Structures are given as structure tokens and as C-alpha cells.
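Just below is one structure, and these are the notes that go with it.
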Amino acid sequence: MKKLKRALAFDIGGTKIASGIIEFEKNSYKIFDYQKIKTPKKKKEVIQKLIELIIYYKKDNDFEKIGIATLGRVDNKNGIVIRAGNLKGWENIKLKKIIKKITNEEVKIDNDVKCFALAENVFGRVKNYHNIAYLAIGTGIGGAIEFDNKLYRGENNIAGEFGHMIVDFNGKKCACGNKGCWQQYVSGKAIEKLYFELYREKKMAKEIAIDSTRGAKKDKKIIKEASKFLAVGLVNIINTINPEAIVIGGSVVRQGEILKLAKKKALKTVLIPGRKTKILKSRLGNEATLVGAGLL
């Protein structure tokens, strides 16, 4: 019997680090020993947690290599995290070299949404498409672009940073230093901020999305407002790169009606040929980025 391929995968986000052993077959995968912890605030603590988890997994698991998906800008060839705005101090970290030195394990590292795109392309709903845009709406908004079935990275590996499209030059300040970035109006963090600004109450974006579908007036107002900005971004993406499909992941999009509202508005507004673009929810959901890290 053919030996199955197994990888140790990590998904480093602004609020959590997920990990697990991914076992791959030709058309499917399984996740074993899934772990999720809160992302530490300091970069040294993040690295230390990664090392501890690698040691933990090595005790009882066989795996061939390690794949790491991380938020922010990544030099994937050299395994360096260049910068991540939503994770303080996560800059110019030679993560591949550090892990290799301490654990003697081979590691591949890439941006989290690039990994999300990889997993959706292999196991998702877009196997028959060739030109695709990917969006991951979480703490911020990450993106990736695929042309002719190849990931397009751009000259400096920042292609697909849709979250930093400017929608208002005098708008809300972003972690990148600019004002009016798209992710300041649509992301989970943005939705929570808007809710607090209007009602002086704290509430998770996922809960706002769910309660809006149940008819809660406060929540419906927030989601309706966010959907307008989501539509603006979708129109810009479609009119600019003309993808066959846009695949969108994130708990806010999956749980509520924000995507339904935005999709309706966007497809009425785009240039007529762009109305053929399929706007799809991620098939793999929360597992996509972790699976993509394993596929590296």
C-alpha cells in the first residue's frame, strides 16, 4: 500500500495559532491532533510556542516536512516574515532559519492567504477555473490572485493585498500607516469597531453577523453598512483583474448575510462582462489556510 503524505502545518493569525498533522491522499485530506492557541503578543513568544509545538508533535507523529502559513508579507523563497501589521514586532524574522537551527526540521513558509488559495484550488470549488481572486476576511482582509492556474505574486510579492485598497483617502487609519484602507470598513475588526462606535457595546463580529440574520435591528444596520463597502471592493477587483471567480473565506462571510447583500450590489455595478464572475464562499472554511500550509 502506498504511504500517505503527512505534513505538520501551522496557521499563524493575528488572534490564534492553529496547528495539526495533515494527511494527504490524491483527492482528499485529513487533519489529526488539531491544536489552537491564542497568538502571544511578543514575537519571541510566538517563535517559542512554534518550537514547543514542533517538539510536541515530533513525540508521537510521523511527518515529512513543516509548512507555516503566516499573516503579513512573506519572502517565501527564503522563509522570512518581512512584516505583519496586525502582529506587533513581526518584522524581518528569518523564521525558516530559526526553526531549522533549533529543531533541524525542513520548513516552508508563505503568506496565509496564499496558502488559503492553494488549498481552495486543490480541494475547493474552483478546479475548473483558471483566473481566480481569493479573499480571506478575518481580523483584516488578505488576498491572493491566480492567473492561468499560477499564483501571481507581483514584483515584490505583495500582489493581492486587497485589504489595503484605499476607499477613502481621509478615512479610518490602518495598521499599515495609511488612511481609508478597505479592511478598515469590512473586516471582523472593523465591524466590531463600528458596532462599538454606534452603540457603546462590545460584540464579536461573528455574533453580529448571526444576530443580523435573526432580525436584530442593531446588527442588521451594521451588516448592511459593511456590505456596501464589501461591494465596493468586489467591484474594484472584478473591474481591475476580471477573474472568473472570487473565493471568499472568513467566519463573518460564512455566518451572516453580508456576502449576499454585497454580491447583489456588486454584480449590478460592475462593467457588464464582469457580471459573469462567480462570487463563491470558501468550501474548506476555517481549515483552508492550515491545509494550504501542509500543501506547501
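The values are calculated or read from the model by the stated rules, or taken from the named source; none is laboratory data. These numbers were taken from a predicted model, which means no experiment stands behind them. Backbone-built Cβ (ideal geometry, glycine too); neighbour counts: all protein chains shown.
Residue check: residue 105 meets all listed conditions (1) closer than 24 Å to residue 32 by Cα; (2) modelled with pLDDT of 90 or more but one, namely (2).
Residues that are surrounded by fewer than 20 Cβ atoms within 10 Å (Cβ to Cβ) and under 19 Å from residue 109 (Cβ atoms) within segment 40-53 comprise 40, 43, 44, 45, 47, 48, 49, 51, 52, 53, listed in sequence order.
Considering only segment 222-229, I want to know if a residue exists there that is under 30 Å from residue 12 (Cβ atoms), touching a residue at least 60 places away in the same chain (Cβ under 8 Å) and surrounded by 17 or more Cβ atoms within 10 Å (Cβ to Cβ). Within segment 222-229, one or more residues are under 30 Å from residue 12 (Cβ atoms), touching a residue at least 60 places away in the same chain (Cβ under 8 Å) and surrounded by 17 or more Cβ atoms within 10 Å (Cβ to Cβ).
Taking the criterion of being of a type outside the set (A, V, I, L, M) and modelled with pLDDT under 95, the residues of segment 1-10 that qualify are 2, 3, 5, 6. Number of residues in segment 99-113 that are surrounded by fewer than 21 Cβ atoms within 10 Å (Cβ to Cβ) and either acidic (Asp, Glu) or within 21 Å of the chain's Cα centre (by Cα) (or both): the value is 3. Here residue 62 does not fit the description of being assigned by TED's automatic domain parsing to the domain that holds residue 110 and in contact (Cβ under 8 Å) with a residue 60 or more places away in the chain. Exactly one residue out of 120, 192 is under 25 Å from residue 223 (Cβ atoms) and not assigned by TED's automatic domain parsing to the domain that holds residue 241, and it is 120. Please indicate, with yes or no, whether at least one residue in segment 69-86 is outside the structural domain of residue 137 (by TED's automatic domain parsing), among the hydroxyl-bearing types (Ser, Thr, Tyr) and in a loop (DSSP other than H, G, I, E, B). The answer is no; no qualifying residue exists. When 125, 73 are screened for being within 19 Å of the chain's Cα centre (by Cα), more than 24 Å from residue 157 (Cα to Cα), surrounded by 15 or more Cβ atoms within 10 Å (Cβ to Cβ) and among the charged types (D, E, K, R), only 125 passes. Scanning segment 1-49 for residues being touching a strand residue (DSSP E or B) at 6+ places or on another chain (Cβ under 9 Å) and in a loop (DSSP other than H, G, I, E, B) gives a total of 6.
Residues in segment 91-149 that are outside any loop (DSSP other than H, G, I, E, B) and in contact with a Pro (Cβ under 6 Å, 6 or more places away or on another chain) were compared, and the one that is farthest from residue 251 (Cα to Cα) is 132. Here the helices (runs of 4 or more DSSP H) wholly within segment 205-283 that include at least 2 residues being over 17 Å from residue 188 (Cβ atoms) are 217-241, 258-269. Here the condition is being closer than 30 Å to residue 162 by Cα, out of contact with any Cys (no Cβ under 9 Å at 6 or more places or on another chain) and at pLDDT below 90; of 97, 44, 114, 77, it holds for 44 alone.
Looking across segment 159-199, the residues that are of a type in the set (Asp, Glu) and not in a helix (DSSP H, G or I) come down to 161, 168. For residue 96, the conditions (1) free of Cβ contacts under 8 Å to residues at least 24 places away in the same chain; (2) surrounded by fewer than 15 Cβ atoms within 10 Å (Cβ to Cβ) are fulfilled apart from (2).
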